[in-house]
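Colleague: Here's a structure for you.
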Amino acid sequence: RYRVSVANPNQLVVVISQSGETADTLAALQHAKSMGHAHTLAICNVPESAIVRETLLRFITRAGPEIGVASTKAFTTQLSALFLLTLLLAKAKQRLADTDEKAYLDELRHLPIAVEKVLALEPSIKAWAQHFANKHHALFLGRGRHFPIALEGALKLKEISYIHAEAYPAGELKHGPLALVDADMPVVVVAPNDELLEKLKANMQEVSARGGQLYVFADGDSAVKPSDGMNVLVMPEHYGLLSPVLHVVALQLLSYHVALVKGTDVD
């Protein structure tokens, strides 16, 4: 909205909003339409909202009403919606084999059970929350598609516990934030067993070398072992491309319990 836009009316414009009333997103949508973008899609949680009314197509996420300020379930449904949209686009371009499509849809259908298993980790996450309650800063690290999940983790900690938290791509750790790491700066790491894991382990070693306290959400087959200054919580299962959904639920739980320990209002 605030930079020179290059219009391409053949493109699909996707707007994502929990409430459907997000002012800047709505303004961007109207700007795109004024430049001839007729192909518009809303991914939204509120069917009768302004953004839904203004788009040609809509994908209603049906997460139910968000009562608290910190949007949680809406975020995970948006991730699922975007995953489905990706599958549809791949299929339309004939780049998705039927067997792969079935496998991905089976993973989506299994997702509620996988999330239940993450929720079962709550006692361990609750214990971690005690370590965060008296801290003033926290750092979140992720790589690839899990960097946005680290951002969400930091945002939730800020929103409901009022602890200053920032997220960085783990590859940029040494270019600034590493200088701030010490024993009083907990470092939360999203560590799925993917193609970037070995690089992520090198980043964790850098944190350990500076005396930082690591809190790692790792897949069972990641071979990340607890040690001095390295707290590891093993996720119930490795979930491939849908792994971000499971990791974000764990991060949201952490923020929730830190807020409870501190006595701040989670809503």
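Colleague: Among the numbered criteria (1) farther than 17 Å from Thr77 by Cβ; (2) in a helix (DSSP H, G or I), which single criterion is violated by Gly36?
Modeller: Here Gly36 clears every test but (2).
Colleague: What is the residue count in segment 183-193 for residues that are buried (at least 18 other Cβ atoms within 10 Å of the Cβ) and either out of contact with any Asp or Glu (no Cβ under 8 Å at 6 or more places or on another chain) or modelled with pLDDT of 95 or more (or both)?
Modeller: 6
Colleague: So, in segment 245-255, how many residues would count as being over 18 Å from Ala165 (Cβ atoms) and either touching a strand residue (DSSP E or B) at 6+ places or on another chain (Cβ under 9 Å) or not assigned by TED's automatic domain parsing to the domain that holds Ala165 (or both)?
Modeller: Going through segment 245-255 one residue at a time, the tally reaches 1.
Colleague: In addition: In segment 220-261, how many residues are closer than 29 Å to Arg109 by Cβ and small (Gly, Ala, Ser)?
Modeller: 6
Colleague: crowded, with 20+ Cβ neighbours inside 10 Å and either modelled with pLDDT under 90 or more than 29 Å from Lys73 (Cα to Cα) (or both) - does that describe any residue in segment 175-182?
Modeller: Within segment 175-182 (the criterion being crowded, with 20+ Cβ neighbours inside 10 Å and either modelled with pLDDT under 90 or more than 29 Å from Lys73 (Cα to Cα) (or both)), the answer is yes, since at least one residue qualifies.
Colleague: Quick check on segment 161-172. Is at least one of its residues in a helix (DSSP H, G or I), touching a residue at least 60 places away in the same chain (Cβ under 8 Å) and under 20 Å from the mean Cα position of the chain (by Cα)?
Modeller: Yes - at least one qualifying residue is present in segment 161-172.
Colleague: Still on this structure: Among the residues of segment 211-229 satisfying the criterion of being among the charged types (D, E, K, R) and exposed (fewer than 15 other Cβ atoms within 10 Å of the Cβ), which is modelled with the lowest pLDDT?
Modeller: Asp221
The values are calculated or read from the model by the stated rules, or taken from the named source; none is laboratory data. Keep in mind that what you see is a predicted model, and the values were worked out from it rather than measured. Heads up, the Cβs are rebuilt from the backbone with ideal geometry, glycines too, and the neighbour counts pull from every protein chain shown.
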